[in-house]
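A short write-up of the structure that comes next.
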Amino acid sequence: MNQPKILLIGAGGHCRACIDVIRAEGRFSIAGVVERDGAAISEDLLGCAILGTDQQLPELRRKYDYALVTVGQMQTASLRVRIYEHLQSLGFDLPMVCSPRAYVSPHAVVGSGTIIMHDALVNVGARIGDNCIINTKALVEHDAVVESHCHISTGAILNGGASVGARTFFGSNAVSVQGVSIPAESFIKAGTVEKGL
């Protein structure tokens, strides 16, 4: 059976991690990588061809239905949001991608364009928005909410009922106490304990 092909947008370190997850999941074959305009372009990335830059996306849309934002997110979500919205405007299907080594409860909801990396856990009643990164070994506990365009970093823990506002970066090994509410566009440093007010 032929796998549908997916385009990856952004060719940095996060893209390499995404390639690993997509290959492990086995739902898609990778058509190639599209680099951002102005970035240095290599010839391939882990055996995936570089197909051009953002300028070629309208042309590539005529050949491919699926795309994923593979630019990472640290200080701000603005670049990931801009790419995601551009892909939507071109009519790409932006699937959720999930590592077979992750666990997502069948009673959780995960939005389009979100990637769940290796060994992450998303428990019952959790809700994750669109275009999020739930990174390696992150835990999103029961009934927690992660709004769209967030990055929950490696080893981070969102305890039950916690809420993370849109476009937030939640750093590696950071922990939220149960039920805490984190405002939109927050930057939570690695190792922080978020206790709320």
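Read-outs: derived from the displayed coordinates by stated rules, not from any lab. Because the structure is a prediction, the values reported are computed rather than measured.
Over all orientations, the stretch 96-197 has a Cα convex hull whose mean projected area works out to 4.8 square nanometres. Relative to the longest principal axis of the C-alpha atoms of the chain, give the angle of the C-alpha long axis of helix 78-89, reported between 0 and 90° and rounded to the nearest 10°. Helix 78-89 sits at roughly 60 degrees to that axis.
The alpha carbons of the stretch 150-197 stretch over 21, 18, 16 Å along the principal axes, in descending order.
Backbone amide hydrogens, once placed in the peptide plane, bring residue 128 within less than 5 Å of 109, 110, 111, 146, excluding anything fewer than 5 places away on its chain. What the phi angles of the stretch 62-72 give under the Karplus curve with 6.51, -1.76 and 1.60, with θ = phi - 60°, is a coupling list of 5, 9, 10, 9, 10, 8, 9, 6, 10, 7, x Hz, glycine and proline written as x. Expressed to the nearest 5 percent, the antiparallel share of DSSP beta bridges inside the chain is 5 percent. Relative to the compact-globule estimate of 2.2 N^0.38 Å, the Cα radius of gyration of the chain comes out at 1.00. How many angstrom lie between the Cα centre of the stretch 105-134 and the Cα centre of the stretch 140-164? Spelled out, the Cα-based centre of one part sits 9 Å from the other. Computed from Cα positions, the angle between helix 13-25 and the longest principal axis of the chain comes to roughly 90 degrees. In the chain, the calculated helix contribution to ellipticity at 222 nm averages -4500 deg cm²/dmol per residue, counting -39,500 (n - 2.57) for every DSSP H run with n ≥ 4.
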